[in-house]
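Heads up, the thing below is written out as structure tokens.
Every number here is computed from the coordinates shown, using simple stated rules; none is lab data. Everything quoted here is computed from the prediction, not taken from an experiment. Methodologically, a virtual Cβ is constructed for each residue, glycine included, from the backbone with ideal geometry; neighbour enumeration extends over all protein chains shown.
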Amino acid sequence: MEKMRRLAWITAVSAALTGCALPPPSPSEPANACGAGAKEGIAQTITAQIDALEKGDFGAAYAMASPQFQSQFSEEAFQGVISGGFAFLMEPATVVFSDCILEPETTGAQTRVTVTTNSGEGWTLIYQLAESEEGWRIEAAALTRSAAANT
């Protein structure tokens with residue numbers, strides 16, 4: 001009987017110590033999280049647009065917009081929106097992507113993008129994108145509430 005207690009105690013202690021040595025479980029991604037290919041394509045599109053804006057090339061930046069966006073807004077209107085409320089996109093120091101989600105009912109996705117400017121201001125946007133024959137294209141971008149406080 002004493003042997004059985006000792007064995008049970010050793011097993012319990014061993015299991016407890018083993019549990020302490022394991023890394024914490026990673027948070028699970030949602031079932032509709034973007035795969036690596038989608039994340040890469042989306043990041044390339046948004047980065048290309050921001051790079052073009054940084055150079056003042058509104059034509060190249062506008063080319064990253066979806067056909068639906070382009071049918072609703074002219075390049076001049078796009079330039080006005082960027083200059084008026086999204087000028088921080090023209091002076092990025094860092095751009096960080098996170099929380100990419102595919103929209104299963106469409107061929108779209110959304111992702112969170114945090115832009116820090118050269119002056120240290122931080123802005124967070126939610127981008128809506130559509131997949132097309134040309135790759136991912138931007139349909140919309142909206143400031144999150146926390147980023148709107150910067151304006």
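For segment 58-150, the list of GluC sites (Glu not before Pro) that fall in a loop by DSSP and count at most 14 other C-beta atoms within 10 angstrom reads Glu105, Glu121, Glu133, Glu134. Under the convention that each Lys and Arg Cβ holds +1 and each Asp and Glu Cβ holds -1, the size of the dipole of segment 32-110 around its Cα centre is about 60 debye. Ordering Ala93, Val81, Gly108 by Cα displacement along the dipole of segment 33-148 toward the positive end leaves Ala93 in first place; charges were set at the Cβ atoms of Lys, Arg (+1) and Asp, Glu (-1). Take the Cα radius of gyration of segment 33-148 and divide it by 2.2 N^0.38 Å, N being the number of residues; the result is 0.99.
Under a Cβ-Cβ cut-off of 11 Å, what is the net charge of the residues other than Asn32 that fall near it, where Lys and Arg count +1 and Asp and Glu count -1? Present the calculation step by step, with values, prior to reporting the outcome.
Details: positive: none; negative: Glu29, Glu103, Glu105.
With Lys, Arg at +1 and Asp, Glu at -1, the neighbours total -3.
Taking every C-alpha pair closer than 8 Å and separated by at least 6 residues, the mean separation divided by the residue count of segment 57-151 gives a relative contact order of 23 percent.
Database remark: amide H of Ala141 closer than 5 angstrom to the amide H of Gln128 (H placed geometrically; neighbours at sequence offset of 5 or more, or on other chains; Pro and chain starts carry no H). Taking the inverse of the mean 1/r over every pair of distinct Cα atoms in segment 53-95 gives a Kirkwood hydrodynamic radius of 10.7 Å.
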